[in-house]
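Peer 1: The following block contains the structure, expressed as structure tokens.
Please treat every number below as a calculation from the coordinates, not as lab data. Keep in mind that what you see is a predicted model, and the values were worked out from it rather than measured. All Cβ positions, even for glycine, are placed from backbone atoms using ideal geometry, and neighbour counts span all protein chains on display.
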Protein chains: 2
Amino acid sequence: MKRKITLKQIARELDVSISTVSKALSNSKEISEDTTQKIQAFAKLYNYRPNNIALSLKNRKTKTIGILIPEIVHHFFSTVIRGIELIANRRGYNVIVGLSNESFTKEIINMELLANGSIDGFILSISKETLLKQDYHHFNATINQGIPIVMFDRVVNEVDCDKVIVDDFNGAVKAVKKLVENGCKNIALLTTMDYVSVGRLRTQGYLEALEHSGIEADPNLILKIDDSLDVENHLDVLETEIAQFFQTNPNIDAVFAVNELYAVTAMKVARKLGLSIPNDIQVIGFTDGVLSKHATPSLTTVSQHGQKIGEQAANLLIDRLEAEDAEMDQYLSNNERKSDYIKMVIETEIIERESTK
Amino acid sequence: MKRKITLKQIARELDVSISTVSKALSNSKEISEDTTQKIQAFAKLYNYRPNNIALSLKNRKTKTIGILIPEIVHHFFSTVIRGIELIANRRGYNVIVGLSNESFTKEIINMELLANGSIDGFILSISKETLLKQDYHHFNATINQGIPIVMFDRVVNEVDCDKVIVDDFNGAVKAVKKLVENGCKNIALLTTMDYVSVGRLRTQGYLEALEHSGIEADPNLILKIDDSLDVENHLDVLETEIAQFFQTNPNIDAVFAVNELYAVTAMKVARKLGLSIPNDIQVIGFTDGVLSKHATPSLTTVSQHGQKIGEQAANLLIDRLEAEDAEMDQYLSNNERKSDYIKMVIETEIIERESTK
DNA sequence: ATTCTTAGCGAAAACGTTTTCGTGTTGACA
DNA sequence: TGTCAACACGAAAACGTTTTCGCTAAGAAT
């Protein structure tokens, strides 16, 4: 087992100073061609690579981005990560991933852990518990420490930073309008409790589209599902709830669901009740994941372009990180270069499949 | 914006030496109670936290694990990550994620990048291209540098390291035997090309189960699908291929598929052909993902326990890392403590759902 | 009064870099 | 021969820690 070789070892071996080795390897013209050749050859032979940690310490930057998300086993979040990783790698950064598991405490712990030098900036999506508590001090604290944050999807006005969001409102509007155009009169909404902002926005979009179409919203056609319990493992609860909903409202001719799971479950339940999709009921879901694509019938969805969100978030963060460098060079104080944060909105797109006409 | 405070600043502020501050904060009894109190109070006030990078450099260990996987938008891999992250966090480690995107070159680049001090060890699953090329020098090189590797799922005998694998062979055997017990006579196999080891093992399990049940394997009932092309975006190709397969083999009464996608697609195609599941055809898939759970009918699968794999892999790696520390303390050379690598096999489990009787 | 402990603290090295600033040697030029 | 620039290299600081070792002063022991 040969440990990685260091500058010091090369220097000793070749009987020169550490500085000389360093300079030679960076092709400084301070060093004679002879020595440079010799050193580079030796370095190549022993496969020398500078130690990242030492560089990080010296440069006071790690070239690493911290990603903090509520859950990784989730199609949307993993596509976002893919987007981040793509851009990050292309621009010379690594990504380190932390999972909050929707927990406020784990979110804080993870942030503090990473904020102590391990990363240059964060890309994150807020956990449900944090949204419930409405306690955002840890975000502001890290920003105050000079560590920039880019939030995506689940964002919040109380924190001043770059944001990349899905146009949840308009996505919902588009979806519901499509159902209206397809002739639906009694469009049901399957949504979550309101504290997750995206759910609220989608609900608002639903209402807006109805109003704009001259249809009066019927509160009976809105089913709010408590997602504080682990729905994935209580599918039966979800199914019976939706079944009851359908039975007490037999006039429903369309369903707009704020996520994929609700949508496919609604389809499943509908068919069990003898309803045909899309003939009796048309369905559109939010989030274009693997379920939608492979469901039978395949599900028309509002695609959020997760990968694009990740890419934009990564670009925003890295832009800001490198702008900071430039500012340092130009002796600009933080006050002069006033923080004008960007809120980037990613347009949604309706992917038409078999669950609508 | 206040940058994070350092030992040096505390020392200057309180007019003591850096050493004193460091010792006081670690409650060394070299320092008087008075001074300790004063320093700790000050540190708390300014929210002092030691700089991770500096610690990493000093201790020559980063307390981070590098994960290298072919693809993140994939239910199995994300559950593995979740398992790794769970254990890693619990044992005081962070995880940094790299994606090879099934590319040999990206795999190498990522490894070299992280191996230069950024991480203490790797947990990885080999990319398809690497498996095709059968070039594993980069794995052996990093191991030789003293960086331990734990491989999972897609492993290879040519590299000497800890491994965590699914019992692909027995999983397939169990699945096919179940189909036989359910009365199926003509069990089809939907598999991939052989170079991905897991596909090969599952195929072998299929053959073994048939033989053991006294059924002669019919080559016509085996469909090898070329997964070098991006199947997800060429679903139609997959569907027609399977449709043809069904039509030329109308005697098929069961399907065993080596992954989830093939299985649900087979179900979809079967139903389009007017076949009923599970009455006309029973289906079992490998990999228990989100598709299986929510398909209609829901799919009976061989669960791989991805999270458990991740947990075991993380434990193996961290155990080895910390064993190294202990060895150092005991002045044991690498030769004495001979590397006896562990190959851990995670048993599969059949999750019965609606696609079988 | 002298020596010995011991408590309490600081100096310095080390981890692996990069970079600034010297410094000695050479050759050219006056 | 003396001066000067250019060349080639080394010493040292800095990034933020931890830890070993040494030092001083005070009190105890002789």
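Peer 1: Mind giving me the FRET efficiency for B:Glu33 and B:Glu13? R0 is 22 Å, r the Cβ-Cβ distance, nearest 0.05 is fine.
Peer 2: 0.65
Peer 1: What does the charge count near B:His74 come to, summing +1 for each Lys or Arg and -1 for each Asp or Glu among other residues with Cβ under 12 Å from its Cβ?
Peer 2: -4
Peer 1: When chain A is treated as a GNM, springs tying every alpha-carbon pair under 10 Å, which of A:Ala243, A:Ala24, A:Ala295 comes out with the largest mean-square fluctuation?
Peer 2: A:Ala24
Peer 1: Can you list the chymotrypsin sites (Phe, Trp or Tyr not before Pro) in the stretch A:95-148 that are in a DSSP coil and have 16 or fewer other beta carbons within 10 angstrom?
Peer 2: Taking the stretch A:95-148 and a limit of 16 other Cβ atoms within 10 Å, the loop chymotrypsin sites (Phe, Trp or Tyr not before Pro) found are A:Tyr136.
Peer 1: Going down the table (B:Lys61/B:Lys308; A:Lys133/A:Lys224; A:Lys128/A:Lys224; B:Lys133/B:Lys224; A:Lys178/B:Lys268; A:Lys2/B:Lys343), which pairs top 22 Å between alpha carbons?
Peer 2: B:Lys61/B:Lys308; A:Lys178/B:Lys268; A:Lys2/B:Lys343
Peer 1: From the alpha carbon gyration tensor of the stretch A:189-260, can you work out the equivalent ellipsoid semi-axes (sqrt of 5 times each eigenvalue) and give them in Å, largest to smallest?
Peer 2: Calculated on Cα positions only, the semi-axes equal 22, 17, 8 Å.
Peer 1: Return the distance in nm (one decimal) between the two label points of a simple spin-label model at A:Val237 and B:Lys185, each offset 7 Å from Cα along Cα→Cβ.
Peer 2: In this crude label model, A:Val237 to B:Lys185 measures out at 4.7 nm.
Peer 1: Suppose R0 equals 41 Å. What FRET efficiency, 1/(1 + (r/R0)^6) with r the Cβ-Cβ distance, do A:Leu207 and A:Asp325 give to the nearest 0.05?
Peer 2: Given R0 = 41 Å and the Cβ-Cβ separation, E is 0.35.
Peer 1: Go through the stretch A:86-93 residue by residue and turn each phi into a ³J(HN,Hα) via Karplus (6.51, -1.76, 1.60, θ = phi - 60°); whole Hz please, and just put x for glycine and proline.
Peer 2: Computed from phi, the couplings for the stretch A:86-93 are 4, 5, 4, 4, 4, 9, x, 10 Hz.
Peer 1: Oh, and also: Can you work out D for the protein assembly as shown in µm² s⁻¹ from Stokes-Einstein, where Rh is the Kirkwood radius over C-alpha pairs, the temperature is 10 °C and the viscosity is 1.306 mPa s?
Peer 2: 56
Peer 1: At what distance in angstrom do the alpha carbon centres of the stretch A:135-191 and the stretch A:206-238 lie from each other?
Peer 2: 17
Peer 1: What shape does the stretch B:219-274 have by the C-alpha gyration tensor, where a ≥ b ≥ c are the square roots of the eigenvalues, rounded means a/c under 1.5, and otherwise prolate means a/b greater than b/c and oblate the rest?
Peer 2: Prolate.
Peer 1: To the nearest 20 debye, what charge dipole does the stretch B:1-93 have about its Cα centre, counting +1 at the Cβ of each Lys and Arg and -1 at the Cβ of each Asp and Glu?
Peer 2: Computed charge dipole of the stretch B:1-93: roughly 120 debye.
Peer 1: Now a separate question. What residues qualify as long-range amide H neighbours of B:Leu124, i.e. H under 5 Å apart, gap of 5 or more or another chain, H built at 1.01 Å from N?
Peer 2: Correct list: B:Leu68, B:Val150, B:Met151, B:Phe152.
Peer 1: Next question, about the same structure. If you average the C-alpha positions of the stretch A:30-73 and of the stretch B:1-46 separately, how far apart do those two centres end up, in angstrom?
Peer 2: So the separation of the two Cα centres works out to 32 Å.
Peer 1: Put a point 7 Å out from Cα along the line to Cβ at A:Thr240; what are the distances to that point in the other copies, in nm, shortest first?
Peer 2: Between copies, matching label points for A:Thr240 lie 4.7 nm apart.
Peer 1: Let me ask you something else. What list of whole percents do you get for P(r) of the stretch B:86-226, with Cα-Cα distances grouped in 10 Å bins up to the one holding the largest distance?
Peer 2: Histogramming the stretch B:86-226 at 10 Å steps yields 11, 33, 25, 19, 10, 1 percent.
Peer 1: Further question: Defining the label point at 7 Å along Cα→Cβ, can you sort the distances from B:Ser19 to the same site in each other copy, shortest first, in nm?
Peer 2: 2.8
Peer 1: Here is a further query. Only loop residues by DSSP count here, and only those with at most 15 other Cβ atoms within 10 Å; note down the chymotrypsin sites (Phe, Trp or Tyr not before Pro) in the stretch B:27-89 that meet that.
Peer 2: Answer by residue number: B:Tyr46.
Peer 1: Taking a ≥ b ≥ c as the square roots of the eigenvalues of the Cα gyration tensor of the stretch A:1-63, is the shape rounded (a/c under 1.5), prolate (a/b larger than b/c) or oblate?
Peer 2: Oblate shape, in that a/c is at least 1.5 and b/c is the bigger or equal ratio.
Peer 1: With springs only between Cα atoms under 10 Å apart, run a GNM on chain B and tell me which of B:Asn59, B:Asn249, B:Asn94 wobbles the most.
Peer 2: Residue with maximal mean-square fluctuation among B:Asn59, B:Asn249, B:Asn94: B:Asn59.
Peer 1: Do the sum for chain A: with -39,500 (n - 2.57) for every DSSP H run of n ≥ 4, divided by all residues, what is the mean residue ellipticity at 222 nm, to the nearest 500 deg cm²/dmol?
Peer 2: -14500 deg cm²/dmol
Peer 1: With unit charges on the beta carbons (Lys and Arg positive, Asp and Glu negative) and the dipole taken about the Cα centre of the stretch A:205-357, which residue among A:Gln247, A:Tyr206, A:Ile225 sits farthest to the positive side?
Peer 2: A:Gln247
Peer 1: Net charge within 12 Å of B:Asn140 by Cβ-Cβ distance, Lys/Arg positive one each and Asp/Glu negative one each, not counting B:Asn140 itself?
Peer 2: -3
Peer 1: Step through the residues of the stretch A:306-311 one at a time and calculate ³J(HN,Hα) from phi using the Karplus curve (6.51 cos²θ - 1.76 cosθ + 1.60, θ = phi - 60°), rounding each to whole Hz and writing x for Gly and Pro.
Peer 2: Once θ is set to phi - 60°, the couplings for the stretch A:306-311 become x, 4, 4, 4, x, 4 Hz.
Peer 1: Next up: Quick query: amide H of B:Asn101 versus all other amide H atoms, modeled in the peptide plane; which residues come in under 5 Å with a sequence gap of 5 or more or a different chain?
Peer 2: B:Glu71
Peer 1: Next question. Report the per residue volume, in Å³, of the convex hull enclosing the C-alpha atoms of the stretch B:1-116.
Peer 2: Normalising the Cα hull of the stretch B:1-116 by residue number yields 150 Å³.
Peer 1: Rounded, prolate or oblate: pick one for the stretch A:52-144, where a ≥ b ≥ c are the square roots of the eigenvalues of its C-alpha gyration tensor, a/c under 1.5 means rounded, and failing that, prolate if a/b is larger than b/c, else oblate.
Peer 2: Because a/c hits 1.5 or more and a/b fails to exceed b/c, the stretch A:52-144 counts as oblate.
Peer 1: Using Cα springs under 10 Å in a Gaussian network model of chain B, which residue among B:Thr300, B:Thr35, B:Thr203 shows the largest mean-square fluctuation?
Peer 2: Top of the fluctuation ranking is B:Thr35.
Peer 1: For chain B, what is the relative contact order in percent, using Cα pairs closer than 8 Å and at least 6 residues apart in sequence?
Peer 2: Value for chain B: 17 percent.
Peer 1: If you don't mind, another one. Would you kindly work out, in nm and rounded to one decimal, the distances from the label point of A:Asp325 to those of the same position in each other copy, ordered shortest first, with label points 7 Å along Cα-to-Cβ?
Peer 2: Taking the point 7 Å beyond Cα along Cα→Cβ, the inter-copy spacings are 3.4 nm.
Peer 1: Label-point separation (nm) for B:Tyr136 and A:Ser276, each offset 7 Å from Cα along Cα-to-Cβ?
Peer 2: Modelled inter-label distance: 5.6 nm.
Peer 1: With θ set to phi - 60° and the Karplus curve 6.51 cos²θ - 1.76 cosθ + 1.60, what are the ³J(HN,Hα) couplings of the stretch B:197-206 in order, to the nearest whole Hz, using x for Gly and Pro?
Peer 2: 3J(HN,Hα) across the stretch B:197-206, in whole Hz: 3, 4, x, 5, 4, 5, 4, 4, x, 4.
Peer 1: Same structure again: Note down the net charge around B:Glu129, summing +1 for each Lys or Arg and -1 for each Asp or Glu among other residues with Cβ under 13 Å from its Cβ.
Peer 2: That works out to -1.
Peer 1: Given the stretch B:264-313, what whole percent of its Cα pairs are spread farther than 15 Å?
Peer 2: When every Cα pair of the stretch B:264-313 is considered, 48 percent fall beyond 15 Å.
Peer 1: I'd like to know which of B:Ser127, B:Asn144, B:Ala188 lies farthest towards the positive end of the charge dipole of the stretch B:116-217, counting +1 on Cβ of Lys and Arg and -1 on Cβ of Asp and Glu.
Peer 2: Value computed over the given set: B:Ala188.
Peer 1: Tell me, what are the semi-axes, in whole angstrom and largest first, of the equivalent ellipsoid of chain B as set by the roots of 5 times the Cα gyration tensor eigenvalues?
Peer 2: 52, 21, 18
Peer 1: Could you calculate the FRET efficiency of A:Lys58 with A:Glu352 from 1/(1 + (r/R0)^6), where r is the beta carbon distance between them and R0 is 56 Å, rounded to 0.05?
Peer 2: After rounding to 0.05, the efficiency reads 0.55.
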